[in-house]
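Values in this text are rule-based calculations from the coordinates and carry no lab data. Keep in mind that this is a model prediction, so the values were computed, not measured. So basically every Cβ, Gly included, is an ideal-geometry build from the backbone, and we count neighbours across all protein chains shown.
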Amino acid sequence: MDRDNCREGEVMAKVNFKVEGMKELERSLKKLGKVPQKHVTASARKGMNIVLKDAKANAPYDTGMLKKGIVLKGERSKSKGKKVYRIVFDRNMNDVFQKKNKEGKVTGYYPVSQEYGFFARDGRYIPGFRFIRDSLTDNVSKIEKTIVGEMKKKIDAEIAKGGLK
């Protein structure tokens, strides 16, 4: 995982999807023509909500702030028919999450240390919980089915509305 490409408060996990039901979805898309962006956005969001709920359920609990700070953020894309969501930590809670030294410089970020782990003062490594990565990898098939099913449902409704069937 390349942490250099992650912005502060974001956790990256890469997962490859093999989508079941894609042939039917492609047939429906051909009938419709172009995919309305609102359908892509809604379908992707519904799929990622599965990850969000699971990540919140599996987040380490001390004060409850970590669980409260996990949010879903959509990225902007220049490509039509594409929507990407990320599980990130709410920037408005940085005052809670950031660890500062005596000079006031940020020396650590609590959510990232809980996900990936950290080195203790004595030099030993404390492993992370990987609650966000595991939430994504454990639910891949459920996410795929949700996104494809939601897209198919919305596209079929568009086709019926347009009288293309």
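Given their separation in residues at 0.36 nm each and the Cα-Cα distance between them, SER77 and TYR116 gain 11.2 nm when the chain is fully extended. Neighbour counting of Cβ atoms within 10 Å sorts the residues SER135, SER113, SER141, SER79, fewest neighbours leading, into SER79, SER141, SER113, SER135. 3J(HN,Hα) along the range 59-73, derived from phi through the Karplus expression 6.51 cos²θ - 1.76 cosθ + 1.60 where θ = phi - 60°, amounts to 5, x, 10, 10, 10, x, 6, 5, 4, 5, x, 7, 9, 9, 10 Hz, with x in place of Gly and Pro. Counting every other Cβ atom within 10 Å of each residue's Cβ, VAL96, VAL148 order from fewest to most as VAL96, VAL148. Ordering LEU52, LEU72 by the number of other Cβ atoms within 10 Å of each residue's own Cβ, fewest first, gives LEU72, LEU52.
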